[in-house]
Structure formats: C-alpha cells, structure tokens
1. Which percent of the accessible heavy-atom area of the chain goes to carbon and sulfur, probe 1.4 angstrom?
2. Sorted by average packing, counted as other Cβ atoms within 10 angstrom per residue and highest first, what order do 151-161, 25-35 take?
3. From the alpha carbon gyration tensor of the stretch 16-65, can you work out the equivalent ellipsoid semi-axes (sqrt of 5 times each eigenvalue) and give them in Å, largest to smallest?
4. Counting pairwise Cα distances across the stretch 1-160, what percent come out greater than 24 angstrom?
5. P(r) for the stretch 66-164: what percent of alpha-carbon pairs falls in each 5 Å bin, starting at zero?
6. If I model a spin label at residue 122 and residue 33 as a point 7 Å from the Cα along the Cα→Cβ vector, what separation in nanometres do I get?
7. Let me check I've understood the local charge: for residue 102, count other residues with C-beta under 12 angstrom from its C-beta, Lys and Arg +1, Asp and Glu -1. What total comes out?
8. Amide H neighbours of residue 51 under 5 Å, counting only residues 5+ apart in sequence or on other chains, H built in-plane at 1.01 Å?
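The values are calculated or read from the model by the stated rules, or taken from the named source; none is laboratory data. Bear in mind that the values here come from a model prediction, so they are computed numbers and not experimental data. Heads up, the Cβs are rebuilt from the backbone with ideal geometry, glycines too, and the neighbour counts pull from every protein chain shown. The area values use the complete protein model at the heavy-atom level, side chains included, leaving out ligands, DNA and RNA. Shrake-Rupley method; radii C 1.70, N 1.55, O 1.52, S 1.80 Å.
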Amino acid sequence: RTRRSVGGGNGFRDVKIVGLHENSEEHHIIITYNIREGPQYILKHIITSGNKHITDNDIRNYFSIQIDRHFNPTFIRNQLISLKREYLKNGNLDIFIMDELIIDDTDITLRLNISEGIHYSINKINILGLNAVQKKYIQREILFFRDEIYDINKIDLTRKRIFDSGIFSSVEIF
C-alpha cells in the first residue's frame, strides 16, 4: 500500500510511505516501510481578505507563532477553529473561512478568504417542551438576554449550566 500524507507537524507535506511485507521462514513475516520524506515546508506569510470586524493584524496573531516555522496543518486547523469562534462570539453566525495554501518551492503562504456574514443579535428566547420542570428553573441559568449580540460562549456556558443544574441528563440549544 501507498499512502500520501496531507501534512505533518514537521513541515513534511509530500511524504510517501510504502509498506511491504513478505513471508519469511517458519511462519514469520518481514515488514518493511520505505519512507520518502520530501522537502520540509515553512509557513512564511498570512494573507487575509474579506474581514471587517477583526483586523488583519489580529487575525495574523492567531498564526504568528508558526510563521517561519515548519508548516503544521493541525496547528492551522485549530487556529482556524479558534478564529471562527471569535466571530461566533461577536454575532457572526454565518462566518465562512476558506483557507488556501500558496506554495512557492518550500515556502507556504496561507491565504484566508473570509465571509463574515450578517451580524446577529438575540431577538427572542423560547423555552419549549417542559412538562414537569417549571420554566423559571431554566431561565435562571440563561446567561444571555434579548437584544444582546449573539455570543457562542454564552450559549455554550448556558447549556453547561442547565446540564450541571442536575435537572436534565442532556441539553441541546438550537
């Protein structure tokens, strides 16, 4: 089998691993891995476009510790998730971030095309489906209010508070 890696924390993007096995004597097997590392890639630049609510500099700060270091797609993916959460904390529910790698020899430029979408605030809070539990026991755990900017952290913390109250075994907020 041959497997081409899509990345790695040490900058290897073009790794090829070929695994072979052959029968040996007396029911033993010999396993051989032939690994071709390819070149190590370095993250050199971050280019942003489409962002209005978060500055270019603030976005670059998410990735700055990785600049001029070996390309690490796991780090990039995690920072993109953190960046998306930052938008979700500030009312941008429709946030879409498209990342693109521009490769020049072993240098990588990360281009982020951002569509921030509409800025949302909370219009109404509905609590539905209660039979045995009074609404006031749920309302006291809610950390967000009408006309407040949507904040994913407050939504998540409210879900946790409702769950931790011990009233329910599972909580979903839509």
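1. That share works out to 50 percent.
2. Peptide ranking by packing, descending: 151-161, 25-35.
3. That gives 50, 11, 8 Å for the three semi-axes.
4. Counting every Cα pair in the stretch 1-160, those more than 24 Å apart make up 56 percent.
5. Going out from 0 Å in 5 Å bins, the stretch 66-164 shows 2, 11, 16, 16, 13, 11, 9, 8, 6, 4, 2, 1, 0 percent.
6. According to this spin-label approximation, the distance is 5.0 nm.
7. Spelling it out: positives minus negatives among the neighbours equals -3.
8. Amide H neighbours of residue 51: 114.
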